[in-house]
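> Handing you a structure now.
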Amino acid sequence: MLIDISDIVFGGRTEMTEAVPIGLTSFESRLGSFPITRSTPAELRITHLLDQRIRISGTAELTVTIPCSRCLAEVPTELRLVIDRTLRTEGDFLIEEEGSAGEMTGDWDGAGAGPDADASDPAKEQEAEESPDYLDGWKLDTDRLVYGEILTGWPMKVLCREDCRGICRECGANLNEGECGCDRNAPDPRMAAIQDIFNKFKEV
Ligand SMILES: [Zn+2]
Ligand SMILES: [Zn+2]
């Protein structure tokens, strides 16, 4: 869904809130396609700040089906997204502001320069920055915004249960369903393909 935020950008309005349904039905990434089986509307708040800046914040919850890292069983996984982006106007478009101001405090005063030293800003923004992909001019593409948040919040590891026993690397049996009787001390090249799948998920 596209939301026109030009009124906020130009200060015609100071704030808008929208409950935006999430249009994504699956999450597509280089690891594959993961169905999104449930989602709450994203509760977005868009605020006009000082100095031609705006803030986009909000939350959303969704359920994504992700394979168990050990046995590949499909696990409905709850993701809670917390959105908080600050952008500033740069000519005809908006660019994201980096991190927090806290990064610059650190050793600044203890560096021997003294508090009155010429405090030219060491963190001058680079000029080559681009508008984020979730913006199209003054329109906010909420699904792209949500996509980026899912990517950021993607779980390192998903287990169908804490003590998932995985699959037998000899015969491929799901060991949660019982012992297959294999001797799993010797490596077996026939299972290399399945190991590859596991490694692929580990690399996330
Ligand atoms: Zn499992
Ligand atoms: Zn086995």
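> Whole-Hz ³J(HN,Hα) for each residue in region 52-62, computed from phi via Karplus 6.51 cos²θ - 1.76 cosθ + 1.60 with θ = phi - 60°, x for glycine and proline: what do you get?
Running phi through 6.51 cos²θ - 1.76 cosθ + 1.60 with θ = phi - 60° gives 6, 10, 10, 10, 10, 9, x, 9, 7, 10, 8 Hz.
> Can you list residues whose amide H is under 5 Å from Thr59's amide H, if they're 5+ apart or on another chain and H is modeled 1.01 Å from N?
Placed amide hydrogens put Glu43, Ile83 under 5 Å from Thr59.
> Moving on to the next point. Just need log10 I(q)/I(0) for region 1-81 at q = 0.16, 0.25 Å⁻¹, Debye formula, equal scatterers on the alpha-carbon atoms, no solvent, rounded to two decimals.
With one equal scatterer per Cα and no solvent, log10 I(q)/I(0) is -0.70, -1.11.
> A follow-up question, please. Could you pull out every residue, at least 5 positions away or on a different chain, whose amide H is within less than 5 Å of the one on Ser26? Hs are placed 1.01 Å off N in the peptide plane, and Pro or chain starts have none.
Ile36
> I need the trypsin sites (Lys or Arg not before Pro) found in region 14-70, filtered to DSSP loop residues with at most 13 other beta carbons within 10 Å of theirs.
Details: sites: Arg30, Arg38, Arg45, Arg53, Arg55, Arg70; in loops: Arg30, Arg70.
Listed in order of number, the matching sites are Arg30.
Every read-out reported here was derived from the displayed coordinates using simple, explicitly stated rules and does not represent laboratory data. These figures come from a predicted structure and were not determined experimentally. Because the Cβ atoms are built from the backbone with ideal geometry, glycine has one as well, and the counts that use them run over all protein chains shown.
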